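What follows is one structure encoded as C-alpha cells, with my remarks underneath.
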Amino acid sequence: MDDEAFFRKNRDDLVRYATVLVGPSTAEDVVSTVVLRVLARRRLMDLNDARAYLFRGVLNESRTWLTRRRSSPTVDDVADTPMADPQPEVLAAVLALPAQQRAATYLVYWEGQSIAEASALMGIRPGTAKRYLHLARRTLKGVLNAN
C-alpha cells in the first residue's frame, strides 16, 4: 500500500478523532498539519505503526491548538459526529474533559477500542489510559450527578 492509499483508508477515522478533540471547523486542518509534517520527513509506509503515529500526532496537535484557543469544542460543534448523544448534558460533560481524557473516552467508549488499542493510538501505556478513563469517569459522575 502506498502513502496515498493508506491516508485515504484512515482519513475519516483521523478526522472524526480530531473533531472530538478540537471541533469540526479545525479537525481537517489538524489532520492535514500532522500528515504534512510526517511526509516532509519520511513516508508513512516507513513508520512501524503509521496509524498509531498519526493518531498520536493528531492528539498532540489538538492539544497545541486547544492551548492556543483556550477552549474545547461545544455540543453544537460535534452534533453530527459519532459522539452525538441523545442526552446533551452527557455530551457537554465529555467535551469539558481535558483532551487526553476526552481522547481515551472517545476511543474506548465510542469507537469500541480496547484499552490496549486506545493506549497504542494515543502513544501512552495502558495503565495511563486506564488512569485517564478513571479520572474521566470520576469527573463525569460528579458533573452528571450534580445535574
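I'm checking my understanding of the structure. Among residues of the range 115-147 that are part of a loop (DSSP other than H, G, I, E, B) and over 14 Å from the mean Cα position of the chain (by Cα), which one is nearest to residue 63 (Cα to Cα)?
Looking at the filtered set, the residue picked out is 125.
Select from the range 9-36 the residues that are among the charged types (D, E, K, R) and within 14 Å of residue 59 (Cβ to Cβ) and list them in ascending order.
Hits for the range 9-36 are 13, 16.
Condition test on residue 21, is it at pLDDT 95 or above, within 25 Å of residue 68 (Cβ to Cβ), among the aliphatic types (A, V, I, L, M) and part of a helix (DSSP H, G or I)?
Answer is no for this residue.
Which of the residues that make up the range 106-137 are closer than 11 Å to residue 55 by Cβ and surrounded by fewer than 16 Cβ atoms within 10 Å (Cβ to Cβ)?
Matches in the range 106-137: 123 only.
Step by step: first the residues of the range 54-72, then only those that are hydroxyl-bearing (Ser, Thr, Tyr) and buried (at least 16 other Cβ atoms within 10 Å of the Cβ), then the one that is farthest from residue 10 (Cα to Cα). Which residue is that?
72
Taking the stated definitions as given, is residue 83 closer than 19 Å to residue 122 by Cα, modelled with pLDDT under 90, part of a loop (DSSP other than H, G, I, E, B) and out of contact with any Lys or Arg (no Cβ under 6 Å at 6 or more places or on another chain)?
Answer is yes for this residue.
With the requirement that a residue be surrounded by 13 or more Cβ atoms within 10 Å (Cβ to Cβ) and more than 20 Å from residue 100 (Cα to Cα), what does the range 1-31 give you?
3, 6, 7, 10, 11
If residue 112 meets every condition in (1) closer than 25 Å to residue 65 by Cα; (2) under 14 Å from the mean Cα position of the chain (by Cα) apart from one, which number is that one?
(1)
Looking at 75, 58, can you tell me which residue is at pLDDT 95 or above and within 18 Å of residue 26 (Cβ to Cβ)?
When all the criteria are applied, what remains is 58.
Of 91, 140, 44, 97, which residue is within 15 Å of residue 14 (Cα to Cα) and at pLDDT below 95?
After applying the criteria, what remains is 44.
The values are calculated or read from the model by the stated rules, or taken from the named source; none is laboratory data. Model, not experiment: these values are computed from the prediction. Glycine gets a Cβ as well: all are built from the backbone with ideal geometry, and neighbour counts include every protein chain shown.
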